[in-house]
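Down below is the structure, laid out as structure tokens.
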Amino acid sequence: MDGPTEIEDLDKTDANKEVMQGFVDNLLKGGRADLVTDYNSVKQYDQHNAEVGDGLESFGRHFKGVMESGHASQYVNVHRLLGQGNFVVIFSHVKQGGDDWAVFDLLRLNDGKIVEHWDVQEKIGPNATGNNYGKF
């Protein structure tokens, strides 16, 4: 994993989770690109997704472009928002292009703002095993 991995700011766990809940509600679910600086640091934003460049300008441009394209990912449900110190992970069910995806967004915060993002996305296939136990 590229970037800092040491957990810091244990006393800010609840506050960081609140920031991330606002990020989920307003940006991921609400599509409010105009609020990007409310949640992301303007000083540092390191992106570990190959489709999005580093820096807040790149993130904002990508987010706005996706929202305007009509092909934006739709965050259907956030199943878990877990955090410890300066790291928060969001485990979500997302619709992309008509398909269902399980998405993990891992974010590192500093002073209440997102400074780093990693993600893992996996397409949810049909229930091949015949049981009702899926990703969620």
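The values are calculated or read from the model by the stated rules, or taken from the named source; none is laboratory data. Quick caveat, the model's predicted, so the values are computed rather than measured. Glycine gets a Cβ as well: all are built from the backbone with ideal geometry, and neighbour counts include every protein chain shown.
Each residue in the stretch 29-46 was checked for being in a helix (DSSP H, G or I) and in contact with a Phe, Trp or Tyr (Cβ under 6 Å, 6 or more places away or on another chain), and 2 pass.
Can we say Leu56 is at pLDDT below 90, in contact with a strand residue (DSSP E or B) (Cβ under 7 Å, 6 or more places away or on another chain), surrounded by 15 or more Cβ atoms within 10 Å (Cβ to Cβ) and of a type in the set (A, V, I, L, M)? Here the answer is yes, as Leu56 does meet what is asked.
Exactly one residue out of Asn16, Asn26 is in contact with a helix residue (DSSP H, G or I) (Cβ under 9 Å, 6 or more places away or on another chain) and either in a loop (DSSP other than H, G, I, E, B) or under 19 Å from Gly112 (Cβ atoms) (or both): that is Asn26.
Note on the stretch 27-51: residues that are buried (at least 18 other Cβ atoms within 10 Å of the Cβ) and of a type in the set (A, V, I, L, M, F, W, C) amount to 4. Being surrounded by 13 or more Cβ atoms within 10 Å (Cβ to Cβ), of a type in the set (D, E, K, R) and in a loop (DSSP other than H, G, I, E, B) is a property that Asp105 lacks.
Pairs meeting the criteria (first residue in the stretch 25-37 and within 15 Å of Arg61 (Cβ to Cβ), second residue modelled with pLDDT of 85 or more and surrounded by fewer than 16 Cβ atoms within 10 Å (Cβ to Cβ), beta carbons under 9 Å, at least 6 apart or on different chains) are Leu27/Leu35; Leu27/Asp38.
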